[in-house]
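Working notes for the structure below.
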Amino acid sequence: MLRQELGIATFEDLLFHYPYRYFDRTQMTKIGSVNAQTEYAQFAGTLINMGEEGDARKRRLVATLYDDTGKIELIWFQGINWVKKNIREGDRYIVFGKVAQFNGFYNISHPEIESWNNETNIPGMQPVYPTTEKLRVRGLTNRSFAKLTQSLFEKIRLHDVPEILPANILHQHNLCGRFHALLWLHYPDNEHHEQMARYRMKWEELFISQLMIARLRLQHTLQPGWVFGKVGEYFNNFFNHHLPFQLTNAQKRVIREIRQDTATGKQMNRLLQGDVGSGKTIVALMCMLLAMDNGFQACIMAPTEILAQQHFFGISGLLEEMGITIKLLTGSVKGKERKAILAGLADGSLHLVAGTHALIEDTVQFKNLGLAVIDEQHRFGVGQRAQLYKKNQLPPHVLVMTATPIPRTLAMTMYGDLEVSVIDELPPGRQEIITVHRRDITRAKVMEFMRKEIDKGRQAYIVYPLIEESEKLDYESLMQGYEQVKVFFNENKYKIAMVYGKQEAGEKARNMARFVKGEANILVATTVIEVGVNVPNASVMLIESAERFGLSQLHQLRGRVGRGADQSYCILMTGFKVSDDSYKRIQIMVSTTDGFKIAEEDLAMRGPGDMYGTKQSGVMKFKLADIVADAGILEETRKAAQALLTLDPRLTSPEHQPLRYTLSQQGQQSHWSKIS
Ligand code: ADP
Ligand code: MG
């Protein structure tokens, strides 16, 4: 039960199940001093007037506690018989609980109650542990947790909790020992100790993660890789004759970085950061050509079918006149076609493939995969990245492209093992997207505006939120929206296409294609179009129920327009009432188009927990540390981790053995071990 609900299986787990707050039970409150502000309080007094009240269904036990200043009522609704057996009128008790008010009288229901014989057994700080409803129902209340940890701490001694950090680090960074950190986290004897304990355990968490990352990075540098020694015909021919525009300086620089990296004989592991629309795809394509120039295959992997298709069509188009074949491999490519693709990849006759995670299935074998590009990585777990490494006798070079910029602290924790390239420049001629917030009641005006844009020859998106709890509801709200759009746009004159997540793949592709080719004026969609879709002629992005979207999602969606030379617009529709947080998000969107700024705000507002799929990546399970609030510690631990590995890269020295063991344990829990 404990294991299922909270993952606690051993005493050690219990030690690391930290309280999230404490009840201060060092103080006694005089009953007479209770007022409306009193929350949790502890009293010492004498119990009188115990008796049952109410009928069978609402039976309750009531008693009164008094001291020399007043009286307060104690109430039990459950476990009445047990309570009756264990407390007696006329005896003195220490009582603790949450004070409530009813009909002008103060009371405590289900108080913690202990007999009180002398002045010495006043409890100290009492830890409050996270628990679950299921456990509470089974009687595993916070109190029982506290009893467990209390008896645990009565038994264990200093040597039962060995130190894992080297002495010089403890000293240098002013950290308390591990045993005391744990003791004070559960049972702080004063505030200073509690803070020291917290600091120490945060430090440890971040240090371990940074050490893990630094080691991975070190391993990467030792990992031999394919040599892309030359720039050949494919690359040059494309660059000189088929590139539809001039590369920006940032794009050129990044290509150069990648070229240098892939020529060293070491495996490349690189993160390509760039804001929405900065032109990451063309960089990826040119690197894929570089792989081909050196006799290797290359693949580009995207998180959704739509994106994979788009890469496929986009790249096919660009390479058309060069006579290079590229194939699309997704879950819905089946039968003969799939067989042919798999055969082509295995015998090396097929050089380029775009696809979804279907690409990393075991059945997909490459003859010599030289470069794997992973687009919009935050949807892929770290483990999936690792899968790619196993495709050859040597792992391919890996280029990870992010969908939106990532704040520095997050990049350090999630991608700290990768080298980083940044495209910090948008292609020329882009106009700033005009972003506005509109309420539902002005819908008619908004639609009118949209019609005018469409009449100028542009296209528009209308996006509906995904209601995750219910696919059916999703579909219904999308349908309703679709009907509503049809009221505003005469079907004879305006063509509307619709795509959504659960649509049959072929139909989805057809509808998408209608919009891409300009046959449809409006695309009504759920967030399936969130990442990467590229239709430069689209200039209006209308986001319905914008309050339901997160910041990075909104930024991604907005990035679907402003891709051509036309002035583009993003309209965030909400109802009349929105929460403070939603309003703040919308204001941020209206005030800036800078993806890095938005990413920082997003991280600050949401915390790293649910950003960028960090949960599924299993990298960031910090119990105490918060990479935003503790950015300073993060920076410190990163340096410390690097310094330690410089001295002892293999962690062979005796005093680093506990660390080494800890890392190996952590590795087993996450996907990390698969990478190395
Ligand atoms: P993202 O970085 O968001 O993946 P894309 O690679 O989809 O961006 O590029 C966005 C758009 O900008 C595409 O239409 C692409 O053809 C265009 N583009 C990319 N690089 C340039 C450039 N140097 N000059 C002009 N347009 C470019
Ligand atoms: Mg993209």
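If the condition is being touching a Phe, Trp or Tyr at 6+ places or on another chain (Cβ under 7 Å) and surrounded by 22 or more Cβ atoms within 10 Å (Cβ to Cβ), then region 187-205 contributes only Ala197.
With the requirement that a residue be assigned to a helix (DSSP H, G or I) and of a type in the set (A, V, I, L, M, F, W, C), what does region 1-23 give you?
Restricting attention to region 1-23, the residues satisfying the condition of being assigned to a helix (DSSP H, G or I) are 2-6, 11-15.
If the condition is that a residue be assigned to a helix (DSSP H, G or I) and of a type in the set (A, V, I, L, M, F, W, C), then Leu2, Leu6, Phe11, Leu14, Leu15 are the ones that fit.
When Phe235, Phe296 are checked against the criterion of being in contact with a helix residue (DSSP H, G or I) (Cβ under 7 Å, 6 or more places away or on another chain) and not assigned by TED's automatic domain parsing to the domain that holds Gly501, a single residue qualifies: Phe235.
Residues of region 254-286 that are outside any loop (DSSP other than H, G, I, E, B) and touching a Ser or Thr at 6+ places or on another chain (Cβ under 8 Å): Val254, Glu257, Ile258, Lys266, Arg270, Leu271, Leu272, Gln273, Gly274.
Condition check for Cys287 on (1) within 16 Å of ligand 2 (Cβ to nearest atom); (2) surrounded by fewer than 22 Cβ atoms within 10 Å (Cβ to Cβ): one failure, at (2).
What are the residues in region 295-304 that are at pLDDT below 95 and surrounded by 24 or more Cβ atoms within 10 Å (Cβ to Cβ), if any? Within region 295-304, Met301, Ala302 meet the criteria.
In region 269-294, which residue that is more than 30 Å from Val535 (Cβ to Cβ) and at pLDDT 95 or above is farthest from ligand 1 (Cβ to nearest atom)?
Keep residues of region 269-294 that are more than 30 Å from Val535 (Cβ to Cβ), which gives 269, 293-294.
Those still in the list that are at pLDDT 95 or above too: 293-294.
Details: Asp293: 21, Asn294: 23 Å.
Only one residue tops the list, namely Asn294.
Of all residues in region 211-235, those satisfying the criterion of being part of a helix (DSSP H, G or I) and either under 14 Å from Cys287 (Cβ atoms) or of a type in the set (Ser, Thr, Tyr) (or both) are Thr221, Tyr234, Phe235. Of the residues making up region 642-666, those that are aliphatic (A, V, I, L, M), part of a helix (DSSP H, G or I) and under 17 Å from Glu163 (Cα atoms) are Leu644, Leu659, Leu663. The set of residues from region 63-98 being at pLDDT 85 or above and small (Gly, Ala, Ser) comprises Ala63, Gly70, Gly90, Gly97.
If I ask for residues that are surrounded by 12 or more Cβ atoms within 10 Å (Cβ to Cβ), closer than 30 Å to Ala643 by Cα and touching a helix residue (DSSP H, G or I) at 6+ places or on another chain (Cβ under 7 Å), which ones from region 137-175 would you list? Matches in region 137-175: Leu158, Val161, Glu163, Ile164, Leu165, Pro166, Ile169, His173, Leu175. The one condition from (1) over 20 Å from Met512 (Cα atoms); (2) hydrophobic (A, V, I, L, M, F, W, C); (3) part of a loop (DSSP other than H, G, I, E, B); (4) modelled with pLDDT of 90 or more that Val561 does not meet is (1). If you go through region 241-250 one residue at a time, do you hit one that is surrounded by 22 or more Cβ atoms within 10 Å (Cβ to Cβ) and in contact (Cβ under 8 Å) with a residue 24 or more places away in the chain? No - not one qualifying residue is present in region 241-250.
Residue count for region 295-315 satisfying the condition of being of a type in the set (S, T, N, Q) and more than 14 Å from ligand 1 (Cβ to nearest atom): 1. Restricting Val62, Val83 to those that are part of a helix (DSSP H, G or I), among the aliphatic types (A, V, I, L, M) and over 24 Å from Glu194 (Cα atoms) reduces the list to Val83.
Would you call Ala100 in a loop (DSSP other than H, G, I, E, B), assigned by TED's automatic domain parsing to the domain that holds Leu140 and of a type in the set (A, V, I, L, M)? Explain how you work it out, then say what you get.
Working: in a loop (DSSP other than H, G, I, E, B): no; assigned by TED's automatic domain parsing to the domain that holds Leu140: yes; of a type in the set (A, V, I, L, M): yes.
No.
Here the condition is being crowded, with 18+ Cβ neighbours inside 10 Å and part of a helix (DSSP H, G or I); of Met498, Met412, it holds for Met412 alone.
Hey, among the residues in region 390-423 that are within 16 Å of ligand 2 (Cβ to nearest atom) and not hydrophobic (A, V, I, L, M, F, W, C), which one's modelled with the highest pLDDT?
First, the residues of region 390-423 that are within 16 Å of ligand 2 (Cβ to nearest atom): 399-406, 421-423.
Next, from what is left, pick out any that are not hydrophobic (A, V, I, L, M, F, W, C): 402, 404-405, 421.
Numbers: Thr402: 85, Thr404: 77, Pro405: 83, Ser421: 93.
Restricting to residues being within 16 Å of ligand 2 (Cβ to nearest atom) and not hydrophobic (A, V, I, L, M, F, W, C), the top hit is Ser421.
The values are calculated or read from the model by the stated rules, or taken from the named source; none is laboratory data. Just so it is clear, the model here is predicted, and its values are computed rather than measured. As a convention, Cβ positions derive from the backbone with ideal geometry for all residues, glycine included, and neighbour counts pool all protein chains shown.
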